[in-house]
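Taking it in order: structure first as structure tokens, then the write-up.
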Amino acid sequence: MARSIGAPAIGPADGARPAGIQTTLRVNGSVRRLELDPRATLLDTLRERLGLPGTKKGCDRGECGACTVHVNGRRINACMTLAVMHDGDEIVTIEGLARGEELHAVQAAFIEHDALQCGYCTAGQIMSAVACIGEGHAGSADEIREWMSGNLCRCSCYPQIVAAVQTAAQERT
Amino acid sequence: MSTVLERPGIGSPLDRRDGRVKVTGRADYTADVVVPDLKYGVFATSPVTKARIVELDTVAAQRAPGVRYVMTHRNAPRVPPLGPPAAIALLPLQNDRIRYEGQPIALIVADTLEDATYAAGLVSARFETAPARTEIAQGLANAVKVEEGYDEPDTRTGDPEAGLRASAVLVEHLYTIGYRHHNPMEPSATTAVWDGDRLTLYDATQYVYGVRGVVAQALDLPPENVRVVSHFLGGGFGSKGYVWPHQVLTALAAREAGCPVKLVLTRAQMYTSCGYQPETRHAVAIGADRDGTLRAITHDVVYANSAAEEFPEYAAAGTRSMYACPSIATTHRAVKVDLINPTAMRAPNEGMGNFALESALDELAYALNVDPLELRLRNYAGRDPLTGKPFSSKKLREAYALGAERFGWAARPCAPRSLREGDELIGYGMASALMTTYRMPSTARVEMAPDGTVTIATASHEIGTGVRTIMPQIAADVLGVDPSVVTIELGDTDLPEAAGTFGSATTVGVGSAVSTAATQLKERLIALAVADPHSPLHGLASTDVELIGGEVRSRTTGRAEPCAGVVARSGAAVRAEATWSPSNDEYAMFGFGAVFVEVRVDAELGLVRLRRCVGAYSAGRIVNPKTAASQMTGAMIWGIGQALLERSETDANVGRFVSKNLAGYLLPVNADVGELEAHFVDEFDPHASAIRARHR
Ligand code: FES
Ligand code: FES
């Protein structure tokens, strides 16, 4: 039996690289003006262009939450959006959460409750947790479990993550 | 003068030492490492299984913007078969053969990730395919015995057939477990940087020295020309234990392209590039007397193995040693399938077989109308039934008692289907757990600087198990210093060689090496102090001197001085390096556990949800109860995944895994997890290691 694969790649027919697009991103409080490849995701732009590798890639297709960042105050999966769509947007990554040496309450609670092992999902968990508390979805352990279920943790720190979010949510109120 | 340490080393629930860098996003995982002039590698992979490439067109890819180099089987340098610890001997891109779907057919190197990804999509190919086999059901008649490995495929004590015939009660069942994938959140990643004929590999590996050996042999380099670095690992669970093709191919591509190359596997490629847990089938027969005394057990395993390679799986290993029984037989046979080789996955071997054994034992308990826990206690093994050896230490009886008490086992309603809440039935169950203790040699160096700080150096790995935290605790314990003054350098072949971080063997092996080196350092510090006329301890017998509270101190006279002073006057850091290897084999060594669960089962749909789980473990001495508890609750959740959620379906028609992503493959998520409790029984194992630990 013969099987073939063809050229399913999406791009200009002439094979030229798509023209760069001038984009302004406000990342962790600083303004970054960039000429961006329109194919670049926000995640790859943060990691490969802006020197912010704290945000992680686990799946690159919106299934794991490792790439969670805040855009204009909302949590989103940075792998599921193109960077050029965020001209002028306010983006916060894990690198921008602490105030100098002073950790955000959620970061401190993660250490206290040992809500991490390998730490690879942790940036996404923490960014998601900050938003989860802000959204008012941290009222009970069950509610936290539900609203934190978009963030996978293969080390399986789930009970500690729930405890950390509860602690941080209580400190906030 | 107080001789009590404010913060003792071993046994303290210290916070994870790398917690801060991890919660602030500053830990450098492999794909985060930045090197100058870095280019990006992306694989184009085969969509078919068991085939020959008859046409491969890379012209468009070659011409695509930003592309520097395209490697295929036509231009790739020839590499000899890979030696251990490579997971597979035959490297892709060496000829036109396709052995498994997902096998690389081209490696693109380009300026940006977008360029490389785009160009990989431009590779086109035609294949001549042959019928493929992906399931063991397709090849049961041709199952083979894999002789080569680290254990016996078959074992036999007593006369199992006669034992089963003579039993008053017999249960026989067939259990199957599907293919499962490790799916660490961090995909495998390699960055290769050449400097002349010296290679540095930043690699997501559980075994830096293993990668060095394989890559050096493949590329015909002296091992000392290859440096492998892995500072932080985003999980591995076995998938990064052996060495896989992408690591060697990235090194090759960087050499041929003449620039540093970073290659990160996609999630889909993680399903076809670095192993999986094979599908297994367990035929279990248990014969017992009416009072529950076991007479015979047989456990026959069939598992999937790659057609081109061999991987030994010992899924029935636990059955050999779990219960007192005069006749036990186990066998393992492999069915060849057209997939990449399987590999060890948390928990290897017993992690699969215990499910079958314990399920069958439960059937026996209900057939006899004996409490499942009571049945296990009646058949408690005082010695290893396979070898007759005494256990190095075993506190499973205490674990049963502790777990049962914390769970409230005695008070539960016993009869099946007797408890209902709305549409759901509530069920209670328990099982024993057992895992072989693996002990591997490791080397560590421990040194104290003139300022009194201590540095441990060993090429172990931080995979999330807390190596950065517990090794300082072990050294601090020996040296009588606060753990906060001890740091560790790890994950680098420039450091003394350590075993790979797998098999729950790091605390035992690396921990023993750290303890041994620290003990030698302590002796050196004491010798320096008593020989030094400037020391208040000068002239004392070294047996009278101890290290405590950061000081060298005389037990009898109370004379003391800070360790730092002794080191400073010696003119340089004082160090000791030691290798620990297991020497005694007169004991059988296992970690044990007792696990109790309460589940909700939808009466109509059969949907099972875990409500709570209590585990009590006998694992030797626990260095850090906090990080250890996280590992054990993590392990319970892996149990939820194995029992209720995870399975990689294959399609025999297309010859591949069907859902190569995290949506079709169900990993446990937060909402799947109920209340979990992990407990350890108090235990010191005098034989398994230098630090009385036995596991993890
Ligand atoms: S990497 Fe974005 S959701 Fe997984
Ligand atoms: S801490 Fe390892 S994946 Fe969550």
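So the values come out like this:
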{"item": "Convex hull projection area averaged over all views, chain A, Cα basis, nm²", "result": "13.2"}
{"item": "Peptide-level mean, for A:106-114, of C-beta atoms on other protein chains within 10 Å", "result": "5"}
{"item": "Alpha-carbon centroid distance for the pair segment A:31-104 / segment B:225-292, whole angstrom", "result": "28"}
{"item": "Cβ-placed point charges (K, R +1; D, E -1), dipole of segment B:126-240 about Cα centre in debye, nearest 20", "result": "340"}
{"item": "Span-rule helices in chain B, defined as complete DSSP H runs reaching 30 Å or more along the axis (Cα) with Kyte mean at least 0.0", "result": "B:506-531"}
{"item": "Two-site label geometry, B:D28 and B:T579: point separation in nm, points 7 Å out along Cα→Cβ", "result": "3.0"}
{"item": "The protein assembly as shown: proportion of alpha-carbon pairs further apart than 36 angstrom, %", "result": "50"}
{"item": "Alpha carbon convex hull of segment B:405-543, projected area averaged over orientations, nm²", "result": "14.5"}
{"item": "Chain B: relative contact order in percent, alpha carbon pairs under 8 Å with at least 6 residues between", "result": "16"}
{"item": "Size of segment A:25-97 as Cα extents on the principal axes (Å, biggest first)", "result": "29, 27, 20"}
{"item": "Using alpha carbons only: equivalent-ellipsoid semi-axes of segment B:100-242, gyration tensor based, whole Å", "result": "43, 24, 16"}
{"item": "Values of log10 I(q)/I(0), in the order q = 0.11, 0.20 Å⁻¹, for segment B:460-613 under a Debye, Cα-only, solvent-free model", "result": "-0.60, -1.19"}
{"item": "For segment B:1-154, the fraction of alpha-carbon pairs in successive 10 Å shells from zero, as %", "result": "9, 22, 24, 18, 15, 7, 4, 1, 0"}
{"item": "Computed [θ] at 222 nm, helices only, for chain B once each DSSP H run of length n ≥ 4 contributes -39500 (n - 2.57)", "result": "-7000 deg cm²/dmol"}
{"item": "Share of alpha-carbon pairs per 5 Å distance bin for segment B:309-410, given as whole %", "result": "2, 10, 16, 20, 20, 13, 8, 6, 4, 1"}
{"item": "Rounded Å value of the spacing that divides the Cα centres of segment B:652-667 and segment B:112-173", "result": "17"}
{"item": "Descending semi-axes in whole angstrom, ellipsoid equivalent of chain B, from the Cα gyration tensor", "result": "41, 40, 22"}
{"item": "All-pairs Cα distance distribution in segment B:411-489, expressed in whole percent, bin size 10 Å", "result": "14, 29, 15, 11, 14, 14, 3"}
{"item": "Positive-end residue, the protein assembly as shown charge dipole about Cα centroid, Cβ charges, pick of B:S188, B:A44, B:G511", "result": "B:A44"}
{"item": "For segment B:162-288, radius of gyration divided by Kirkwood radius, i.e. Rg to Rh on alpha-carbons", "result": "1.26"}
{"item": "Of the DSSP H helices in chain A, those whose Cα atoms cover at least 15 Å axially and whose Kyte score averages 0.5 or more", "result": "A:122-134"}
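Coordinate-derived values only; no laboratory data. Everything quoted here is computed from the prediction, not taken from an experiment. All Cβ positions, glycine included, derive from the backbone under ideal geometry; neighbour counts span all protein chains shown.
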